[in-house]
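Please read the structure below before turning to the comments.
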Amino acid sequence: MESSSEDIQKHVKTYLMVGATLLVFTGVTVLVRTLPFFDFGVPGVDAPDIAFGLVIATFKSSLVMLIFMHLNHERGLIYKVLVFTVAFAVSLMGLTLFAQSNPIFPHADVTDELHVPDVTAADVDSKAAPAKAEAKH
Amino acid sequence: MEIPYTVSARRDTGLFNAKVGIWLFLASEVMLFGGLFSGYIFLRAGVRPGVDLPWPDAVYVHGPFIWLGFLNTLVLIASSVFVVLAWAQLKMRRYGMYQLYMSLVLICAAAFMVVKTIEYNSKLNHHFGARLNDGTLLDGALVADDKHHCPGDYVTFEATKAVFSLDRTGVFRKLDPYFLDFAVLKDGAELVVRAPGGQEVRGIPELANWLEGYASKNPSERRVTAEFVKPVTFQFRRKEVFGKHVFADRVPLFRGNELQGRLIDDTVEIEVHTVDLQMVRDEEKALAWAYLGEGFKAGYDQHKKEKLNDPLHRSFLEKGGTLPGAQLRIWQHPHPASEHGGEHVAGSAHGGSGASGHGSGEGHGAPVVSIKSSDIHFMGAHGPKFGTYYAIYFTMTALHGLHVVGGALVLAYFLFFGRKLYRKNPEHLANRVEVGGLFWHFVDLVWIFLFPIMYLM
């Protein structure tokens, strides 16, 4: 990146702004886990919470890549390298889907699965000892 | 030889060479960490509910270390800002400011590693869990004495006979009743062995001599059994027992040696902070209660009731939602961090009485229980072998930690040995710092994903 001293001075402000944004969003990620207001879906960690956390992480990492790593104005060669990198990285994540469709130990082989029953509103009202475990055969 | 294109751009790429190099390197780094992230997804998504051990809840795994992880994230982000500012100062030819910002980067890196060390030390040396045979997980700390030995980790055995191996294969050329050396003899007992011929051998050095003599006289024999004149009580660290498994009448030791006699005490003392019954069939009859007693159980039941009735869960359930029942089966004692041990709970699993668990659920400190090792399915510190989560957690965070160290070393070189180059060609140093900074940003990027995944989800 070729820039004049004045340009750099302007960039410094951007870097500080981006840094502050990153810190704020890190706080938000923690709040997703600690504040009930940010708890999406079923209370506790589940898919919507994970998705929200990952969206924030992706946003933060995009800022780092675009601003700190100067990918907002870089030479073509680097983008070409990165296109391959992204393609292979996505494929790596995609490999996990194969494991889902063809598990090493399929469920069918399991005979003594432990089933803890779900809790519903009825368990709250009765205030009795909720949800006893029962073996499913 | 002058290395070309360290400052000026090559005409075909439009970049100085180091920049092309670092981006190719970062691409390979993405593949390295990508493979591990992919492995993480594979491990986590592959957990079959009710069959495999449940994926642990990060809140219970890390406890207060979530906030240290958060702190580390802030530190790393700050260091990322500092490194780009250091580069900007070089571009503006302000060497002093460059030094200041680069020093801040290194301070941040050191702070990150210090926090990491504290966290690892806590997991590897202070947190301990035991999964009992019925699926109960008791998590807490091994009860240790002042010398950081864990009395709970000892096996006490009264030996009447010793079986010595006469095998000289491998690296063990010398016959040595070495295990008698490290075992703690209780009450300063004297070690006298009656050899097969009827002769009495006293003390370890004589025993070693006699073994050598016996082996050379009887080359075809593989083992020799010798009786103790008086029964001797030994205490072993569990890790000194071969296969870590003790029998009622014998203790197999390494190198084929064995003690025979009577097992006196084979219990593990744990200060219980968390009880986890996700893998227990009948939680009312869980083995946990035989050890922890009614007081602890009352706390567990109370917690369950309170959790269901808190506004968040209640409103969710009243809207017709269903909660996975397993989620309610973890309870953390409200006062787990008792430095010098909690209350000793008198009850035992077998023949335990009403005497157990006095007040342990009422916030008087975490209870200490002695668990029979025959009731334990597996146990260990919260190291990589404690479970799949811990394995991938340590692999990824340690690899990331190594990257922090490596990056900091390179940046420290630019800080402490950069002046000469700056005087010769400031743009060259700026380019070096830019390239080092790109690596540093990548390390930050990895942590941006690692932190929520490992500490929060």
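Just so you know, all these numbers are worked out from the coordinates, no wet-lab data involved. As the structure is a prediction and not an experimental result, all values here were calculated from the model. Using ideal geometry, Cβ is built from the backbone for each residue, glycine included, and neighbour counts are taken over all protein chains shown.
Can you figure out the FRET efficiency of B:L409 with B:S8, using R₀ = 25 Å and their beta-carbon distance, to the nearest 0.05?
Efficiency for this residue pair is about 0.35.
For chain B, what is the relative contact order in percent, using Cα pairs closer than 8 Å and at least 6 residues apart in sequence?
21 percent
Please find the FRET efficiency linking B:V229 to B:D265, where r is the Cβ-Cβ separation and R0 is fixed at 30 Å, and quote it to the nearest 0.05.
0.80
When the chain is fully extended, how far beyond the present Cα-Cα distance does B:M31 get from B:F417, taking 0.36 nm per residue of separation?
135.8 nm
Work out from phi, with θ = phi - 60° and the Karplus expression 6.51 cos²θ - 1.76 cosθ + 1.60, the ³J(HN,Hα) of each residue of the range A:69-79, listed in order in whole Hz, and give x for Gly and Pro.
Using θ = phi - 60°, the values come out as 9, 6, 7, 6, 8, 10, 6, x, 4, 5, 4 Hz.
Over all alpha-carbon pairs of the range A:66-105, lay out the pair-distance distribution in 5 Å bins, whole %, shortest bin first.
Pair shares across the bins are 6, 19, 17, 16, 12, 10, 8, 7, 5, 1.
In nanometres, what is the gap between the two model label sites at A:A87 and B:N125, each 7 Å from Cα along Cα-to-Cβ?
In this crude spin-label approximation the distance works out to 5.0 nm.
Mind ranking B:111-121, A:83-93 by how tightly packed they are, going by the mean number of other C-beta atoms within 10 angstrom, highest first?
B:111-121, A:83-93
Order of B:314-325, B:55-66, B:77-88 by packing, highest average Cβ count within 10 Å first?
Order by mean packing, descending: B:77-88, B:55-66, B:314-325.
Count, for each residue of B:54-65, the Cβ atoms from other chains sitting within 10 Å of its Cβ, then give me the mean as a whole number.
Partner-chain Cβ atoms within 10 Å, mean over residues of B:54-65: 1.
Can you check what the Kirkwood hydrodynamic radius comes to for chain B, Cα pairs only, in Å to one decimal?
One over the average 1/r among Cα pairs gives 26.9 Å for chain B.
For B:T233, what residues show an amide H to amide H distance below 5 Å, using hydrogens built from the backbone and excluding near sequence neighbours?
When sequence neighbours closer than 5 places are left aside, the close amide H contacts are B:A159, B:K186.
What residues qualify as long-range amide H neighbours of A:V119, i.e. H under 5 Å apart, gap of 5 or more or another chain, H built at 1.01 Å from N?
Answer set, sorted by chain and number: B:L323, B:G325.
If each DSSP helix of 4+ residues adds -39,500 (n - 2.57) and the sum is divided by the residues in chain B, what number results at 222 nm, nearest 500 deg cm²/dmol?
Calculated mean residue ellipticity at 222 nm is -14500 deg cm²/dmol.
Could you tell me what % of all Cα pairs in the protein assembly as shown have separations over 32 Å?
60 percent
Residues with amide H under 5 Å of B:N257's amide H, sequence separation 5 or more or different chain, H placed in the peptide plane at 1.01 Å from N; which?
Here the answer is B:S165, since their amide H atoms fall under 5 Å of that of B:N257.
Under a plain spin-label model, where a point goes 7 Å from the Cα along Cα-to-Cβ, how far apart in nm are A:Q100 and B:Q302?
4.3 nm
Per residue of A:58-70, what is the mean number of Cβ atoms on other protein chains within 10 angstrom of that residue's Cβ?
Mean partner-chain Cβ count within 10 Å for A:58-70: 5.
Tell me the label-point distance for the pair B:F242, B:L74, using the 7 Å Cα-to-Cβ offset, in nm and rounded to one decimal.
Spacing of the two 7 Å Cα→Cβ label points: 5.5 nm.
Could you run the Karplus curve 6.51 cos²θ - 1.76 cosθ + 1.60 with θ = phi - 60° over the range B:415-422 and give me ³J(HN,Hα) per residue in whole Hz, x for Gly and Pro?
Along the range B:415-422, the couplings run 6, 8, 10, x, 4, 4, 5, 4 Hz.
If contacts are Cα pairs under 8 angstrom and at least 6 residues apart, what is the relative contact order of the range B:35-155 in percent?
Normalised by residue count, the contact order of the range B:35-155 is 14 percent.
Here are some pairs, A:K60/B:K91; B:K116/B:K385; A:K80/B:K420; A:K60/B:K19; which of them have Cα atoms lying more than 29 Å apart in this structure?
The answer is A:K80/B:K420.
Work out, in µm²/s and without decimals, the Stokes-Einstein translational diffusion coefficient of the range A:40-100 at 20 °C, 1.002 mPa s, Rh from Kirkwood over C-alpha pairs.
D = 153 µm²/s.
Looking only at other chains, what is the average number of their beta-carbon atoms within 10 angstrom of each beta-carbon in B:445-457?
Partner Cβ neighbours, averaged per residue: 6.
Averaged across orientations, what area in nm² does the convex hull of the alpha carbons in the range B:23-100 project?
Over all viewing directions, the range B:23-100 projects a mean Cα-hull area of 7.9 nm².
Please find the FRET efficiency linking A:L23 to B:T117, where r is the Cβ-Cβ separation and R0 is fixed at 30 Å, and quote it to the nearest 0.05.
Efficiency at R0 = 30 Å is approximately 0.80.
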